[in-house]
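First up is the structure itself, then whatever we jot down about it.
Read-outs throughout are calculated quantities, based only on the coordinates presented, and are distinct from any laboratory measurement. Here the structure is a predicted model, which means the values were calculated and not measured. Here Cβ is always computed from backbone atoms with ideal geometry, including for glycine, and neighbour counts include all displayed protein chains.
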Amino acid sequence: GAVVSQHPSRVICKSGTSVKIECRSLDFQATTMFWYRQFPKQSLMLMATSNEGSKATYEQGVEKDKFLINHASLTLSTLTVTSAHPEDSSFYICSARKNSGTGFWNEQFFGPGTRLTVL
Amino acid sequence: AQTVTQSQPEMSVQEAETVTLSCTYDTSESNYYLFWYKQPPSRQMILVIRQEAYKQQNATENRFSVNFQKAAKSFSLKISDSQLGDTAMYFCAFMKRGGNQFYFGTGTSLTVIP
């Protein structure tokens, strides 16, 4: 299967600072990537859909000015948590949709996640 | 709107035994996909099995099989010959055909007991 990487895998930062998380599709092109947030022992909640070359689409309740998403190439999307606070501490997971070009099914592959801790 | 319900927060099974995880969903869509994902302690999401709603035949992948009941909107996962490596959180998920967004259930934590 295809591989999606995330960097860093863990990050600890001070309150008020910004943190950037990278999501890369290593062996395929992804026009669309997705960012999820997962609290302990809970499900994944979609935060936003990242589209290459255009603005991200945010889910209701997600602050677009706080969670900045950039999808500058077909293999890279970044999520920047601005002015992070302790309540932003969570596990962030990206997924990338593989452009197969045929049919209705374009499989998505998940990254390994990034654990963010804000002190 | 789509909803996915997993009514079993935690389950356990003896090694080599069989276990069934339940999932129900609600949708007005007629064409969609259903999935089971595994999330082990590493937190990496791994696709276990996928079912296309227009196919009546239940999907199978080695020790994993599903019981897809479209009319009842039920999609259970059966794990046969359970192994210690099956210990993980299992998420049921829905995606409409042609769509991008997963709708995940709340998950079932499965523990395989040696």
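Just a few scattered comments:
- Strands (runs of 3 or more DSSP E) fully within segment B:14-105 counting 2 or more residues that are under 26 Å from A:MET45 (Cβ atoms): B:24-26, B:32-39, B:46-52, B:64-69, B:74-79, B:88-96
- Per the conditions (1) part of a strand (DSSP E or B); (2) surrounded by 16 or more Cβ atoms within 10 Å (Cβ to Cβ); (3) out of contact with any Cys (no Cβ under 9 Å at 6 or more places or on another chain), the sole criterion not satisfied by A:GLN6 is (3).
- Filter result (closer than 25 Å to B:PHE104 by Cα and touching a Ser or Thr at 6+ places or on another chain (Cβ under 9 Å)) within segment A:76-87: A:LEU76, A:SER77, A:THR78, A:LEU79, A:THR80, A:VAL81
- Hits in segment B:43-78 (condition: closer than 30 Å to A:SER90 by Cα and in contact (Cβ under 8 Å) with a residue 60 or more places away in the chain): none
- Residues that are within 14 Å of another protein chain (Cβ to nearest Cβ) and under 18 Å from B:ILE113 (Cβ atoms) within segment B:36-92 comprise B:LYS38, B:PRO40, B:PRO41, B:ALA88, B:MET89, B:TYR90, listed in sequence order.
- Looking only at residues in segment B:20-33 that are closer than 20 Å to B:ASP86 by Cα and crowded, with 19+ Cβ neighbours inside 10 Å, the one that is farthest from the other protein chains (Cβ to nearest Cβ) is B:LEU21.
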